[in-house]
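Here is the structure we will look at, set down as structure tokens.
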Amino acid sequence: MEGVVTQFGSLKDYRKGGVEIIEDDPRNYVFSNVFEVAEGAEPYERIAVGKNFEYVIEAARAEGTSSWFTCAHDEFVLCLDGRTEVHLIKLDRPEDYVDPESEGAVRIGEDTLPGRKMGRISLGRGHMAALPTGAAYRFHADQPGVILFQTIEGEVTVQKWASICQTESV
Amino acid sequence: MEGVVTQFGSLKDYRKGGVEIIEDDPRNYVFSNVFEVAEGAEPYERIAVGKNFEYVIEAARAEGTSSWFTCAHDEFVLCLDGRTEVHLIKLDRPEDYVDPESEGAVRIGEDTLPGRKMGRISLGRGHMAALPTGAAYRFHADQPGVILFQTIEGEVTVQKWASICQTESV
Amino acid sequence: MAMSEASERENANPASTASTDTEVLPICNETGYRAFRAGGFVLRRDEYFARISWPGGTHVIPVDAFLRAAMRDVSWGFFYGVVNFDGVFGTINHYGEVTLFAGAFNDAYRNARRDYQQRFRSDALMGLLKDLLGDWTNQDFDPFAAPMETGQPWGRKNGNNDAAIDRRRVAARRMVGLPGDAPLRTDEAGFPVNRQFADVAQDVPDVEVEPGFENEVSAFNLFAYLSRSDVTWNPSVCSVVGDSLFCPTSEEFVLPIEHGNDRCEWFLQLSDEISWDVKDKETGKPRARVLARAGDICCMPADIRHQGYSTKRSMLLVWENGSPRIPEMIANGTAPVVPVTF
Amino acid sequence: MAMSEASERENANPASTASTDTEVLPICNETGYRAFRAGGFVLRRDEYFARISWPGGTHVIPVDAFLRAAMRDVSWGFFYGVVNFDGVFGTINHYGEVTLFAGAFNDAYRNARRDYQQRFRSDALMGLLKDLLGDWTNQDFDPFAAPMETGQPWGRKNGNNDAAIDRRRVAARRMVGLPGDAPLRTDEAGFPVNRQFADVAQDVPDVEVEPGFENEVSAFNLFAYLSRSDVTWNPSVCSVVGDSLFCPTSEEFVLPIEHGNDRCEWFLQLSDEISWDVKDKETGKPRARVLARAGDICCMPADIRHQGYSTKRSMLLVWENGSPRIPEMIANGTAPVVPVTF
Ligand SMILES: [Fe+3]
Ligand SMILES: [Fe+3]
């Protein structure tokens, strides 16, 4: 189709929609925008933008190099803006870093981890990568970008719904 | 279009629909079927099947020769079944038969009327004829048929809504 | 479901002080369509939808449905009563003035006080809607036609179809076919028999006229006349007794509006069948479903809205009372809701 | 707006004692279509409409809308919660059993006690609906496609389009593109880039894998994957964390159903924009309108029904929780209406 333009958002260029009320409370829709959330976030602060029982979607600003994370279950990361590198290490003893029965990612306070290098992924916009159980992962972005996690609520999950969500009818 | 069949009703072949109620009174719809009404009618009995303030639609069974009618305003007749002849006479003194200020048709009890012959129309199914002001008219049908009048309520108008209209949900 | 000549005349009311604040907005570079503003309402179209906004609200209607509805509203001169384009948006005729509304006949909008309306001079809003129809109708789409008779309305601006949307509705003064009155329809005049009425007899009444009565003795084949209608859901006056108007029409697919009656309206089904959805005029709640087959006659009460469905193209005689005293009676609440009680 | 693998499995519940009384009726000579019966419901189609009847009532739905809705209901295995084909007719999923209803989510029908419903074994009703879709879909019509991508559904029986209606919905077990999991979409596999996503980059992530980690280190271009979707409004599972299902989909024109949620459902708009009409689940009264643009994320509460409008084909990530304990919580009323309070 001639001249078709698919509008993806970015940190620098997003237009937020919103909830227009007829008879309801806008809070019921838990409406936010991941670029706006990432704009106001610290690098790699994992802010919940969606929550369904224990499951969450976290949005993060990718900027510079993150600390290492690990998790006792699969997670997935989706790049929505910029270019982000994912570094993966197979931990020798993941249970030293995360309770195997636990849920959600944990942040590791060390820079060098005992394990084997699994690989490196460079994610562009729209790319999704697996963050497999038992791996440690960290990110690097030369320029600010936005990534999204499909995971479970855990100790790294930041919840500040009242400050990110729409509370009044547009 | 191949095999298209347009369904017109007739005295011998009509299928009545009806009102299916969700929350209402079927009487509000004044629902009847002109073929059913004509089926149960005397020849040329002009039974109101529609009424809107003073205006009416009358249905009649056309069968044999009718008496003469006249009217102080235009009327129209529509043939819905069979073949009906309309005979028209320009009355010399219409005011002898109908009050010029009156509404609705009047039946004339005479067989021979003083006036000039205007013409004769043979109506088939779907044909409509004018019954102009100041004319006398009568009908002849060899076989039973159905005609409809667009007119105003008058002395010949028979109203028996309760016996022709739907009163219960189908 | 038809309009009277009276209401057409009343559309031009020079004494009206209602708003004339309408505006044709620039062409959108992306879609090629113009936007249109009537007071606080802005109407835009894109590839698929008409998008309506007003202070405090927005609404979306698929553009096929929107154009079909707008075409009837324009063709009928805003019509009797309420023309609901759908459950939210529409017009109310005040005979000389017209209200454009959002949510005015929708319980939820009203209860939440989210309904919005503005009143315009009829001629001002009519001009805007005609411009809108001209701009938004592409060359392949005929908003008067049944879906099997027309192309699609979708996509970016692609030509015009002024021939379709500028069709003049014919109104007989006394009866179709009388000398000097509305003419019969013929192949030569551009009215071929519709594919769905291919079997309808085209015979003419046998008329013997004595000299001097050529203007009085007259008959025509109404069914043949209707078989040559080139539009759907567009009643036109065929015979007139005072304010009593026989307005037959040919119907196929779905009546493009929910017509909110302001008075009683009669339907005589001349051929085939139509199903009618009947909802409460004010709230939109379903009240009844009417199945009308050939020979069935019934009245739509004054407090309902109705929408019809006709698979086989059918002939419907809409019977209206166009008396100018009825708008007054409606205004002061003395018009009856049902025409007959028994 | 997606379904879980779990609910698909639950569709076959051999212990169910619900009705299996369904029947394929003979072909209608006039239209060429079969009729179908499920208990007291009889479904017929003609040139323009699906006509539904049940003891005490009838209903008409334009057949394009009906086929698009039925296609989703079948493809989703009756789905979570309520699938409203329109304001009157639809299905309720009980996970192994399914209710067919008329008026059950319509105030007027319920208050007048004119609503009607019957419960069936899911596999029995699913078989009937698949037969119906096969019979009622003509060769030119694709009920999964956007209007600008398909021919019309109208007219008498005219061939079949089994290829369109038998498309298999792909569900990833872990993530699309992992070895042995749901494959990527390519030209060769019959998934060209959709015309509306012609500008979407088809680059692939740069993946360096150390030997032995080929099953672990994996990434794919989700946007490219979605740009090659050949259907609209048909979420499919792309990545799975326990019961957390990412079910992205491409959307164009109108969501063919009003989806009545039985649980919270999240929408992350990945590209372009969708407008959502939100109505009360039980009564159908309008509650809100949500405009979602790229990057917007929001939740549909469990007590609403929603219908979306997307002009430009857009990418929507539907996020579902497919936990088998949720149907129990819904049944005993302990499932939350909103996912987060703040
Ligand atoms: Fe009407
Ligand atoms: Fe949904």
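Figures for the structure shown
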| read-out | value |
| --- | --- |
| Dipole axis of the range C:195-331 (+1 Lys, Arg; -1 Asp, Glu on Cβ), positive-most option in C:Ser239, C:Pro205, C:Met315 | C:Met315 |
| Rounded to 10°, Cα long-axis angle of helix D:63-75 versus longest principal axis of chain D | 60 degrees |
| Highest-fluctuation residue, D:Gly295, D:Gly177, D:Gly322 considered, GNM on chain D with Cα pairs under 10 Å | D:Gly295 |
| FRET E, pair A:Glu110, A:Glu155, Förster distance 25 Å, beta-carbon r, rounded to 0.05 | 0.95 |
| Test item: Cα-centred dipole of the protein assembly as shown, Lys/Arg +1 and Asp/Glu -1 on Cβ, debye | 120 debye |
| Carbon and sulfur %, accessible surface of the protein assembly as shown computed with the full protein complex present, 1.4 Å | 47 percent |
| 5 Å binning of all Cα-Cα separations within the range A:17-165, expressed as whole percents from 0 upward | 2, 10, 19, 22, 20, 13, 7, 4, 2, 1, 0, 0 |
| Long-range HN-HN contacts of B:Lys51 with modeled amide H, under 5 Å | B:Ile57 |
| Which of C:Met329, C:Met71 is most accessible, then next, and so on - probe 1.4 Å | C:Met329, C:Met71 |
| Candidate residues C:Arg167, D:Arg113, B:Arg61, B:Arg15: accessible-area rank, largest first, probe 1.4 Å | D:Arg113, B:Arg15, C:Arg167, B:Arg61 |
| Axis proximity, chain A to B: residue whose C-beta lies nearest, plus whole-Å distance | A:Glu23, 12 |
| Relative contact order, percent, the range C:3-165 [alpha-carbon distance under 8 Å, six or more residues apart] | 24 percent |
| Gyration tensor (alpha-carbon) shape descriptor, the range C:206-342, a/c threshold 1.5 | oblate |
| Estimated FRET transfer efficiency when R0 is 25 angstrom, pair C:Asp140-C:Cys28 (beta carbons, to 0.05) | 0.80 |
| At 7 Å out from Cα toward Cβ: A:Pro114 inter-copy label distances (nm, ascending) | 13.3 |
| The range B:74-170: GluC sites (Glu not before Pro) in DSSP coil with no more than 13 other Cβ atoms inside 10 Å | B:Glu101, B:Glu110, B:Glu155, B:Glu168 |
| Dipole of the range B:30-170, positive end: most advanced residue of B:Leu131, B:Gly145, B:Ile121 [Cβ charges, Cα centre] | B:Ile121 |
| Dipole of the protein assembly as shown, positive direction: furthest Cα of B:Phe31, D:Ala146, B:Tyr44, with charges on the beta-carbon | B:Phe31 |
| Cα-centred dipole magnitude for chain B, charges only on beta-carbon of K, R (+1) and D, E (-1), debye, nearest 20 | 640 debye |
| Column: log10 I(q)/I(0), Debye, Cα scatterers of chain D, q = 0.07, 0.13 Å⁻¹ | -0.29, -1.03 |
| Candidates D:Glu188, D:Glu320, D:Glu30: whichever shows maximal mean-square fluctuation once chain D is modelled as a Gaussian network with Cα springs under 10 Å | D:Glu188 |
| Accessible surface of C:Arg37 - all protein chains present, 1.4 Å probe, nearest 10 Å² | 50 Å² |
| Label spacing, shortest first and in nm, from C:Val193 to its equivalents in the remaining copies (7 angstrom along Cα→Cβ) | 5.4 |
| Cβ-placed point charges (K, R +1; D, E -1), dipole of the range C:57-216 about Cα centre in debye, nearest 20 | 1180 debye |
| Other copies of C:Glu282: label-to-label distances in nm, shortest first, labels 7 Å along the beta-carbon direction | 2.3 |
| D:Arg113-C:Phe191 FRET efficiency (beta carbon distance; Förster radius 35 Å; 0.05 resolution) | 0.10 |
| Chain D - percent relative contact order, Cα under 8 Å, separation 6 or more | 17 percent |
| Order of exposure, largest accessible area first, which applies to C:Val193, A:Val5, D:Val240 with probe 1.4 Å | A:Val5, C:Val193, D:Val240 |
| B:Phe76 accessible area, assembled protein chains, probe 1.4 Å, Å² | 0 Å² |
| Candidates C:Ile165, C:Ile27, C:Ile61: whichever shows maximal mean-square fluctuation once chain C is modelled as a Gaussian network with Cα springs under 10 Å | C:Ile27 |
| Within chain C, helix-based [θ] at 222 nm, where runs of 4 or more DSSP H residues each add -39,500 (n - 2.57), nearest 500 | -4500 deg cm²/dmol |
| Sequence-distant lysines (8 or more away, or on other chains) whose Cα lies within less than 27 Å of B:Lys117 | B:Lys90 |
| Accessible surface of D:Val338 - all protein chains present, 1.4 Å probe, nearest 10 Å² | 30 Å² |
| Under 12 Å from the Cα of C:Lys157 - aspartates and glutamates, other chains or at least 8 residues apart | C:Glu30, C:Asp46, C:Glu47, C:Asp135, C:Asp140 |
| Rounded tilt (10° steps) of C:122-136 against the dominant C-alpha axis of chain C | 90 degrees |
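The values are calculated or read from the model by the stated rules, or taken from the named source; none is laboratory data. Just so it is clear, the model here is predicted, and its values are computed rather than measured. Ideal geometry is used to build each Cβ from the backbone, glycine not excepted, and the neighbour counts take in all protein chains shown. Only protein heavy atoms, including side chains, enter the accessible area calculation; ligands, DNA and RNA are left aside. Shrake-Rupley method; radii C 1.70, N 1.55, O 1.52, S 1.80 Å.
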